[in-house]
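Written out below as structure tokens is the structure these notes cover.
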Amino acid sequence: MRTKLITAALLALASPAVAQAPGQTSAAEEQKLRAAAAQVLFWSQEQRDKNFPAMETLFPGTTAKAAKRPRPLPAGKPLSLPSAEAFMAENNTAGLLVIQDGKVRFERYARGYGPTGRYTSFSVAKSLTSTLVGAAVKDGYIKSVDDPVTRYIPELAGSAYDGVTVRQVLTMTSGVKWNEDYTDPKSDVARMFMVDVPKGQDPTVFYLKTLGREAEPGSKWWYKTGETNLIGVLVTKATGKSLTQYAEEKIWRPFGMERDLFWMVDQTGQNVGGCCLSASLRDYGRIGLFALSGGKGVVPDGWFADATKNWTTIPNAGGRGYGYQWWTTGTGS
């Protein structure tokens, strides 16, 4: 029998009332929101420590409601990790959870964080966003991941995304040029929040339409948070539901999450697919359990096998690769 092991950690590293979507906002409010979102990338460590457990008090967002009866996480045989506290201190870790075969073998908290708190994650959101694509395929909202992305986001027609498939966006092999340098205020990942967007246009689509192509679709991998934001837009357009609405319907309530999920939105009210969701540590663990379960009935059969397959091998990364917004080890896991 294969042992199923999940480790969840909450790091303070680049990794009260709930705010709601902004709705009708003034130009000044939109500019303030865009500037604040861009500045997150350049927060000091002190700012990260203070703000990462409290993003929902700083930014607008929407929620996916928890289940009325949370999925149990029974205690397993305690796992001895003598160096865990030292590891957590060295890595500024707020929480560490080890689940094996559905049972909690290790759970520790630090830095004032606890089991009832929510903590932001950045790119963990990417894997959840891609899973919602699988749900949309299962539900028939998306016919195939081999469809052109312009079928679902026609505003991209005539841009570098012409001829790019949904699968190529999922695997970050679109061939569209992008700068993901988190230390550069002029990088695409920073600037996409700062551009002025005409009323009625989606900020992600508006910015990505301006990018050029550097390689043929499918021929080159490059990490692009903007494209995960685009996947979020695709899911919303295809389903007619926000990411939190769809996550609540397909995953958060059915799988028994114990605390509401908070997910930041941009100035138009679109959940930011590439980052910025907040959940409890145990619910992060349950996301892992959902993936290990195969998502039966929610995503197509074999979805997670495809999602965690090495669709591309990353150069100079020791065999590591990338799937549908999941990092892989080179062995499809």
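The values are calculated or read from the model by the stated rules, or taken from the named source; none is laboratory data. Because the structure is predicted, anything quoted here is derived from the model rather than measured. Cβ: placed from backbone, ideal geometry, glycine included. Neighbour counts: every protein chain shown. Protein only, heavy atoms only, side chains kept; ligands, DNA and RNA dropped before computing areas. Shrake-Rupley method; radii C 1.70, N 1.55, O 1.52, S 1.80 Å.
Annotation note: Cβ proximity below 6 Å between a residue of the range 282-294 that is over 24 Å from residue 116 (Cβ atoms) and a residue that is surrounded by fewer than 21 Cβ atoms within 10 Å (Cβ to Cβ) (sequence gap 6+ or interchain) occurs for 292/4. Condition (residue is more than 30 Å from residue 40 (Cβ to Cβ) and among the small types (Gly, Ala, Ser)) applied to the range 111-132: is it met by at least one residue? Looking through the range 111-132, none of the residues is more than 30 Å from residue 40 (Cβ to Cβ) and among the small types (Gly, Ala, Ser). The set of residues in the range 214-232 that are small (Gly, Ala, Ser) and assigned to a helix (DSSP H, G or I) comprises 226, 232. Screening the range 174-193 for residues that are part of a loop (DSSP other than H, G, I, E, B) and open to solvent by less than 10 Å² (accessible area, probe 1.4 Å) and picking the one that is farthest from residue 204 (Cα to Cα) gives 175. Scanning the range 310-320 for residues that are part of a loop (DSSP other than H, G, I, E, B), at negative phi and surrounded by fewer than 17 Cβ atoms within 10 Å (Cβ to Cβ) yields 315, 317, 320. Here is the figure for the range 131-167: residues that are buried (at least 24 other Cβ atoms within 10 Å of the Cβ), under 18 Å from residue 224 (Cβ atoms) and either at pLDDT below 95 or not aliphatic (A, V, I, L, M) (or both) total 1.
The C-beta contact set for the range 122-133 (first residue more than 14 Å from residue 304 (Cβ to Cβ), second residue among the aliphatic types (A, V, I, L, M) and part of a loop (DSSP other than H, G, I, E, B), distance under 8 angstrom, 6+ apart or interchain) comprises 122/14; 125/272.
Which of the following residues is over 30 Å from residue 233 (Cα atoms) and assigned to a helix (DSSP H, G or I): 54, 135, 86? After ruling out the rest, the residue left standing is 86.
Against the definition (open to solvent by less than 10 Å² (accessible area, probe 1.4 Å) and charged (D, E, K, R)), how does residue 282 come out, yes or no? Considered against the rule, which asks whether it is open to solvent by less than 10 Å² (accessible area, probe 1.4 Å) and charged (D, E, K, R), residue 282 comes out as no. In the set (1) in a loop (DSSP other than H, G, I, E, B); (2) within 12 Å of residue 174 (Cβ to Cβ); (3) β-branched (Val, Ile, Thr), the condition left unmet by residue 268 is number (2). Which residue, of 204, 210, is at pLDDT 95 or above, out of contact with any Lys or Arg (no Cβ under 8 Å at 6 or more places or on another chain), closer than 13 Å to residue 159 by Cβ and not in a loop (DSSP other than H, G, I, E, B)? Exactly one of 204, 210 is at pLDDT 95 or above, out of contact with any Lys or Arg (no Cβ under 8 Å at 6 or more places or on another chain), closer than 13 Å to residue 159 by Cβ and not in a loop (DSSP other than H, G, I, E, B), namely 204. Among all positions in the range 218-236, there is at least one residue which is more than 28 Å from residue 51 (Cα to Cα), surrounded by fewer than 18 Cβ atoms within 10 Å (Cβ to Cβ) and charged (D, E, K, R).
The residue that is modelled with the highest pLDDT, among those in the range 54-68 that are open to solvent by 50 Å² or more (accessible area, probe 1.4 Å) and closer than 18 Å to residue 117 by Cβ, is 65.
Listed here are the residues, each with its yes/no results for (1) of a type in the set (A, V, I, L, M); (2) over 28 Å from residue 140 (Cβ atoms); (3) at pLDDT 95 or above.
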| position | (1), (2), (3) |
| --- | --- |
| 242 | no, no, yes |
| 250 | no, no, yes |
| 267 | no, yes, no |
| 284 | no, yes, yes |
| 292 | yes, no, yes |
| 301 | no, no, yes |
| 307 | yes, no, yes |
| 325 | no, no, yes |
